[in-house]
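Heads up, the thing below is written out as structure tokens.
The values are calculated or read from the model by the stated rules, or taken from the named source; none is laboratory data. No experiment lies behind these values; they were computed from the predicted model shown. Cβ placement follows ideal geometry from the backbone for every residue including glycine, while neighbour counts extend to all protein chains displayed.
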Amino acid sequence: MCGIVGYIGNKEAYPILIKGLKRLEYRGYDSAGVALMNGGLRLYKKKGKVSDLENEALKHDVSGSMGIGHTRWATHGAPNDENAHPHYSDSENLVIIHNGIIENYATLKEGLMKRGIKFHSQTDTEVLGNLIDHIRTQENLSLEESVRLALNEVVGAYAIVVMSKDEPNKLIAAKKGSPMVIGLGKDEFFIASDATPIVEHTKEVIYMEDEQFAVLERGKTPVIRTIRNKEITPFIQQLEMELETLEKGGYEHFMLKEIYEQPRSIFDSLRGRLDPETGRISMAGLIEYEHALINANRIVIIACGTSWHASLVGEYLIEEFARIPVEVEYASEFRYRNPVISEGDIVIAVSQSGETADTLAAIELAKSKGAIIFGICNVVGSSIARASHAGAYTHAGPEIGVASTKAFTAQVTVLSLIALFLANKKGTIQGSEYFRLINELYDLPKKVEKALENEEAVKQIASVYQHANNCLYLGRGFNFPVALEGALKLKEISYIHAEGYPAAEMKHGPIALIDEEMPVIVIAPRKGHYDKIVSNIQEVKARGGKIIAVVTEGDEIVKSMADHVLEVPETEDAFSPILTTIPLQFLAYHIAVMRGCNVDQPRNLAKSVTVE
Ligand code: AGP
């Protein structure tokens, strides 16, 4: 949820930290701060965005070749200057930044206060900083040993970076349950919550594991140990991410860029995995657990938000194609309700960021009950990817906009591959039907290109409904999850209340909502339950509702009834969510822009919810 950065080397730290924080601002942004080491510690922090911090810091001395920075999404204490990170210890000899939650901070704080230590904020982070400093001064220990001992007293999740003016040539970084990457430059080290602040400086990275800490000392090679004091040989990886993928590429917002990247991201999700000639589907994780998957009595899919909507499409796909029972669970519910999971059950975890705390916790619970975890993530080396027994990356490229778009269609693409792989292995789909589906899936990127040509038409409709207070989204079958997803897109970036519903549910209550003020978006592709959805449109029209219908191109029937139609190319009913979601992404985007909302960083939200 928060973003952390650190630098130690031979360049000025401040510009590197600020630019790094701007790359992480999508993770959380109610306040930001930096601390610099240069013959002493200097600390600047401010409520608001990184640019507000910059305006403050530049009034002061920001020199120094070592420093740490932080963007905050509040978990303890309101967003204000005092609660912003970094935090000084009471002695002001040490500063700390932190992403995560210290569950037992109140007990630790009570003990420290009894020893006369004073606090200046409501945060759990300040408690951890004072605990480290207290151990260091009381036991006269090195900074890294003090961090190690303090973390053995901590219950909770953390990604911290600590520095002390008594040891001005080293940064100590440690993580558990929150992400952290270390970049290895030439005589310089970078620390960050993910690789985006690092990639322009170096491609050599170390993904820290839970309960590890790193000592990054000027002129020395990094030392990594566990908090149980076991030395670790660092596994150095090469970053695949390119810098230009992080820029907006000429688009006004990252979200619009990512909507247009979908032909490419879907192609990349399929690349090397699907051969339309032979019909062969190959994903390492699938092959490794082929027997368990094919013989699974049921599959449970756990996820949050948009990933949960993609998972719901996955349920329909796997049951339709492979005839294996599937249940989709909100990870946040699953982790607390003592679910029935047996040894060998298959649990698929779907997550764009690979860092969602609820999903990670649900995985650990399922693992403890003997389940096999198959992770579908977008971020290579992310915590969920590393916590899974096997998996498949969506390869959609970095998704910066808080509202997930290309990740959703990439997740549905990967779930389609899994469903077809299982169907073919189980013999529930074979021969010409199998090859028809395989080739249709393979051709989808071209059809997505065509669906993207509709942006102008959607923009016209957005201008009509930009002042709506409520919206209903209706879909059936494979497009019921698309109704949920379309509603989430609209509410999370335009702040208009929107609800997704199975279209047939209207008569069980929601139809009472219909009047001239209620735009109803109906996903009505030609395939599937077309006649039924046409009836639903007529029910809404009969009560004065305004209909925006997503239809298969050339559809004249719905066109004659709806107030507005948005056309998408024809495809298999099972694959239609990948196309029908696109006009809904555009609709949410343009309404949000017209309402002057911050599309890439909507209020109250963060790109990766790494706390519960
Ligand atoms: C989707 O637009 C939202 N940003 C949010 O619902 C997101 O899908 C959810 O937090 C899950 O994130 P994940 O896919 O990274 O686990």
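What residue, of Gly6, Gly64, is buried (at least 20 other Cβ atoms within 10 Å of the Cβ) and part of a loop (DSSP other than H, G, I, E, B)?
Every option except Gly64 fails the conditions.
Conditions tested, residue by residue: (1) closer than 30 Å to Val155 by Cβ; (2) at pLDDT 95 or above; (3) away from the ligand (no atom under 16 Å from the Cβ).
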| position | (1), (2), (3) |
| --- | --- |
| Asp515 | no, no, yes |
| His529 | no, no, yes |
| Ile547 | no, yes, yes |
| Asp563 | no, yes, yes |
| Pro577 | no, yes, no |
| His590 | no, yes, yes |
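Looking at (1) under 30 Å from Ala361 (Cβ atoms); (2) within 16 Å of the ligand (Cβ to nearest atom); (3) not in a helix (DSSP H, G or I), find the lone condition where Thr581 falls short.
Condition not satisfied by Thr581: (3).
Name the pairs: first residue in segment 317-337 and without any contact (Cβ under 8 Å) to a residue 24 or more places away in the chain, second residue buried (at least 17 other Cβ atoms within 10 Å of the Cβ), Cβ to Cβ under 8 Å, at least 6 apart or on different chains?
What qualifies is Glu319/Val326.
Within segment 212-245, take every residue that is over 18 Å from Ala174 (Cβ atoms) and of a type in the set (A, V, I, L, M) and give me the one that is surrounded by the fewest Cβ atoms within 10 Å (Cβ to Cβ).
Ranking the qualifying residues of segment 212-245, first place goes to Leu243.
Any residue at all in segment 333-342 that is closer than 29 Å to Gly397 by Cβ, touching a helix residue (DSSP H, G or I) at 6+ places or on another chain (Cβ under 6 Å), more than 10 Å from the ligand (Cβ to nearest atom) and not in a loop (DSSP other than H, G, I, E, B)?
Yes; the residues of segment 333-342 include at least one that is closer than 29 Å to Gly397 by Cβ, touching a helix residue (DSSP H, G or I) at 6+ places or on another chain (Cβ under 6 Å), more than 10 Å from the ligand (Cβ to nearest atom) and not in a loop (DSSP other than H, G, I, E, B).
If we only count helices (runs of 4 or more DSSP H) wholly inside segment 423-528, which ones have 1 or more residues that are in contact with a Lys or Arg (Cβ under 7 Å, 6 or more places away or on another chain) and buried (at least 16 other Cβ atoms within 10 Å of the Cβ)?
Of the helices (runs of 4 or more DSSP H) lying wholly inside segment 423-528, those with at least 1 residues that are in contact with a Lys or Arg (Cβ under 7 Å, 6 or more places away or on another chain) and buried (at least 16 other Cβ atoms within 10 Å of the Cβ) span 480-494.
For segment 386-397, enumerate the residues that are more than 14 Å from the ligand (Cβ to nearest atom), assigned to a loop (DSSP other than H, G, I, E, B) and under 16 Å from Ser416 (Cβ atoms).
Answer for segment 386-397, where residues must be more than 14 Å from the ligand (Cβ to nearest atom), assigned to a loop (DSSP other than H, G, I, E, B) and under 16 Å from Ser416 (Cβ atoms): just His395.
Of all residues in segment 388-403, which are in contact with an Asp or Glu (Cβ under 9 Å, 6 or more places away or on another chain) and farther than 19 Å from Leu239 by Cα?
Hits for segment 388-403 are His389, Ala390, Gly401, Val402, Ala403.
Scanning segment 9-31 for residues that are outside any helix (DSSP H, G or I) and at pLDDT below 95, which turns out farthest from Pro79 (Cα to Cα)?
So the residue we want is Gly28.
Identify, by number, the condition in (1) closer than 30 Å to His253 by Cα; (2) surrounded by fewer than 24 Cβ atoms within 10 Å (Cβ to Cβ) that Phe586 doesn't meet.
Single failed check for Phe586: (2).
Name the single residue that is surrounded by the most Cβ atoms within 10 Å (Cβ to Cβ) among those in segment 265-316 being under 26 Å from the mean Cα position of the chain (by Cα) and without any contact (Cβ under 8 Å) to a residue 12 or more places away in the chain.
If we take residues in segment 265-316 being under 26 Å from the mean Cα position of the chain (by Cα) and without any contact (Cβ under 8 Å) to a residue 12 or more places away in the chain, then Ser282 is surrounded by the most Cβ atoms within 10 Å (Cβ to Cβ).
Among the residues of segment 343-375 satisfying the criterion of being polar (S, T, N, Q) and within 15 Å of the ligand (Cβ to nearest atom), which is farthest from Arg298 (Cα to Cα)?
Ser353
Okay, residues lined up against (1) part of a loop (DSSP other than H, G, I, E, B); (2) under 12 Å from the mean Cα position of the chain (by Cα):
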{"site": "Val350", "(1), (2)": "no, yes"}
{"site": "Ser353", "(1), (2)": "yes, yes"}
{"site": "Ile363", "(1), (2)": "no, no"}
{"site": "Gly370", "(1), (2)": "yes, no"}
{"site": "Val379", "(1), (2)": "yes, yes"}
{"site": "Ile384", "(1), (2)": "no, yes"}
{"site": "Ile400", "(1), (2)": "yes, yes"}
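Restricting to segment 532-556, name every residue that is in contact with a strand residue (DSSP E or B) (Cβ under 9 Å, 6 or more places away or on another chain) and of a type in the set (Ser, Thr, Tyr).
Once the filter is applied, which keeps residues that are in contact with a strand residue (DSSP E or B) (Cβ under 9 Å, 6 or more places away or on another chain) and of a type in the set (Ser, Thr, Tyr), segment 532-556 yields only Thr552.
Per-residue answers, yes or no, for (1) free of Cβ contacts under 8 Å to residues at least 24 places away in the same chain; (2) out of contact with any helix residue (DSSP H, G or I) (no Cβ under 7 Å at 6 or more places or on another chain); (3) not polar (S, T, N, Q):
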residue	(1), (2), (3)
Tyr7	no, no, yes
Glu12	no, yes, yes
Pro15	yes, yes, yes
Lys22	no, no, yes
Glu25	no, no, yes
Asp30	no, yes, yes
Met37	no, yes, yes
Leu43	no, yes, yes
Lys46	no, no, yes
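Take the conditions in a helix (DSSP H, G or I) and out of contact with any Gly (no Cβ under 7 Å at 6 or more places or on another chain) and apply them to Leu566. Does it pass?
No; evaluated as a whole, the condition is false for this residue.
Which of (1) more than 15 Å from the ligand (Cβ to nearest atom); (2) surrounded by fewer than 16 Cβ atoms within 10 Å (Cβ to Cβ) is the odd one out, the single condition Asn598 does not satisfy?
In the conditions (1) more than 15 Å from the ligand (Cβ to nearest atom); (2) surrounded by fewer than 16 Cβ atoms within 10 Å (Cβ to Cβ), Asn598 misses (1) alone.
Among what's in segment 313-332 and is β-branched (Val, Ile, Thr) and assigned to a helix (DSSP H, G or I), pick the residue that is nearest to the ligand (Cβ to nearest atom).
Looking at residues that are β-branched (Val, Ile, Thr) and assigned to a helix (DSSP H, G or I), I get Val313.
Within the group Ser404, Ser463, which residue is closer than 30 Å to Glu517 by Cβ, within 16 Å of the ligand (Cβ to nearest atom) and out of contact with any Pro (no Cβ under 9 Å at 6 or more places or on another chain)?
Within the list Ser404, Ser463, the selection yields Ser404.
How do the helices (runs of 4 or more DSSP H) wholly within segment 78-184 filter down when requiring 1 or more residues that are in contact (Cβ under 8 Å) with a residue 40 or more places away in the chain and within 21 Å of Met208 (Cα to Cα): which remain?
The helices (runs of 4 or more DSSP H) meeting that bar are 124-139, 143-151.
Can you confirm whether segment 492-509 contains a residue that is in contact with a Ser or Thr (Cβ under 7 Å, 6 or more places away or on another chain) and either modelled with pLDDT of 95 or more or at positive phi (or both)?
No, every residue in segment 492-509 fails to be in contact with a Ser or Thr (Cβ under 7 Å, 6 or more places away or on another chain) and either modelled with pLDDT of 95 or more or at positive phi (or both).
Consider segment 254-312. How many of its residues are within 13 Å of the ligand (Cβ to nearest atom), aliphatic (A, V, I, L, M) and touching a strand residue (DSSP E or B) at 6+ places or on another chain (Cβ under 9 Å)?
Qualifying residue count, segment 254-312: 5.
Given (1) crowded, with 24+ Cβ neighbours inside 10 Å; (2) touching a Leu at 6+ places or on another chain (Cβ under 6 Å); (3) aliphatic (A, V, I, L, M), identify the lone condition not met by Leu108.
So the condition that Leu108 fails would be (1).
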